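The block underneath contains the structure these notes are about, expressed in structure tokens.
The values are calculated or read from the model by the stated rules, or taken from the named source; none is laboratory data. None of these values were measured; they are calculated from a predicted model. All Cβ positions, glycine included, derive from the backbone under ideal geometry; neighbour counts span all protein chains shown.
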């Protein structure tokens with residue numbers, strides 16, 4: 001069964017989407033590790049909602065960051081709030097840019113903390129899964145601006161099954177308090193919400209809550225821990241869903257999108273989104289010449305065949321029992337191209353690999369060679385180099401997991417503007 005196609009390749013949970021200037025930033029938990037652990041903190045960025053790039057967040061703790069979310073202060077600095085996977089408690093970091101480098105500012109406590117600028121008062125709060133609102137120091141001239149809690153407010157009202165992942169939205173005179181109910185490691189995980197005229201309540205759960213939950217017919221399991229952004233006058237909810245191969249799971253989750261609308265005091269689910277760029281009529285920089293072309297490999301696991309690297313999906317993969325292993329794409333005829341993108345299962349893990357190209361399958365030319373020195377997958381994901389070939393072969397010599405595992409291999413031709 002095919003569910004929503006993830007926005008980006010890899011296991012990235014708790015997506016927090018925000019726009020600064022002309023760029024969207026998606027912060028998340030780097031998933032794909034056993035419970036209580038996580039990978040290197042990364043952020044995905046895009047200007048056109050079709051082409052995403054990934055980079056690290058220097059200054060954040062290594063492999064202990066859960067659910068990062070960010071806001072820009074009135075002093076121009078950026079304040080990133082997150083959870084530690086070690087003490088299960090909230091912290092705040094600050095930096096001069098949305099991507100850091102960041103400096104640890106304070107331990108705030110709370111759980112799953114998320115910043116919110118109240119459009120009514122103009123003040124910045126932080127909401128916690130402990131049913132609390134933290135009114136932060138809102139004086140931009142203060143040395144503790146946005147890093148000190150001035151006052152804690154209890155959130156009043158009917159907040160049934162209030163587990164984690166709280167999120168606040170204000171529309172047309174109403175506050176929408178949203179949260180993840182159920183359990184993250186079960187199919188019971190879902191998105192619920194309640195409405196109030198006041199930021200601290202009392203809130204009343206809406207008649208159509210939950211608005212997002214497990215949908216077996218659509219292949220969606222355990223969706224939740226979300227954020228919302230407005231794009232061209234439409235509202236889109238970014239959240240994670242569980243990898244169906246491993247579901248139910250709290251360790252392997254994909255970032256996905258649904259369109260929602262705010263109408264007459266309710267949030268309505270408009271549709272599941274499979275291709276965000278297509279939904280928004282956005283055109284990316286490249287055309288993928290390898291899409292749905294023929295493939296063959298030296299070996300593969302059942303259910304994880306070589307054909308998965310050209311199916312255009314970020315939730316299916318080619319995986320082998322062991323490395324070294326290779327996968328070859330036959331483009332059908334000779335093409336000129338401008339780049340090759342290899343999307344490894346774990347972008348933050350180290351791998352040794354090389355890419356070769358050929359016009360006749362007899363004579364091979366090295367396109368890029370990282371077979372002698374381990375590199376992190378995300379740092380070498382996109383190789384921007386012109387080439388001409390009919391055949392493209394990716395050989396994984398070794399990896400941290402001692403196998404080869406790739407979501408997609410894309411042979412890219414620049415679109416004409």
Residues satisfying the stated conditions in segment 396-417, i.e. closer than 23 Å to residue 359 by Cβ and either in a loop (DSSP other than H, G, I, E, B) or more than 27 Å from the chain's Cα centre (by Cα) (or both): none
Residue within segment 42-60 that is at pLDDT below 95 and surrounded by 15 or more Cβ atoms within 10 Å (Cβ to Cβ) present: no
Identity of the residue in segment 122-137, in a loop (DSSP other than H, G, I, E, B) and in contact (Cβ under 8 Å) with a residue 24 or more places away in the chain, that ends up nearest to residue 87 (Cα to Cα): 129
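Conditions (1) buried (at least 19 other Cβ atoms within 10 Å of the Cβ); (2) at pLDDT 95 or above; (3) within 23 Å of residue 200 (Cα to Cα), marked per residue:
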site	(1), (2), (3)
69	yes, yes, yes
86	no, no, no
93	yes, yes, no
100	yes, yes, no
116	yes, yes, yes
119	no, yes, yes
132	yes, yes, yes
146	yes, yes, yes
Selection within segment 79-101 - under 20 Å from the mean Cα position of the chain (by Cα) and free of Cβ contacts under 8 Å to residues at least 24 places away in the same chain: 84, 97
Flag if residue 333 is free of Cβ contacts under 8 Å to residues at least 40 places away in the same chain and either in the same structural domain as residue 403 (by TED's automatic domain parsing) or farther than 20 Å from residue 45 by Cα (or both): no
Residue among 11, 27, 34 that is under 22 Å from residue 277 (Cβ atoms) and touching a residue at least 60 places away in the same chain (Cβ under 8 Å): 11
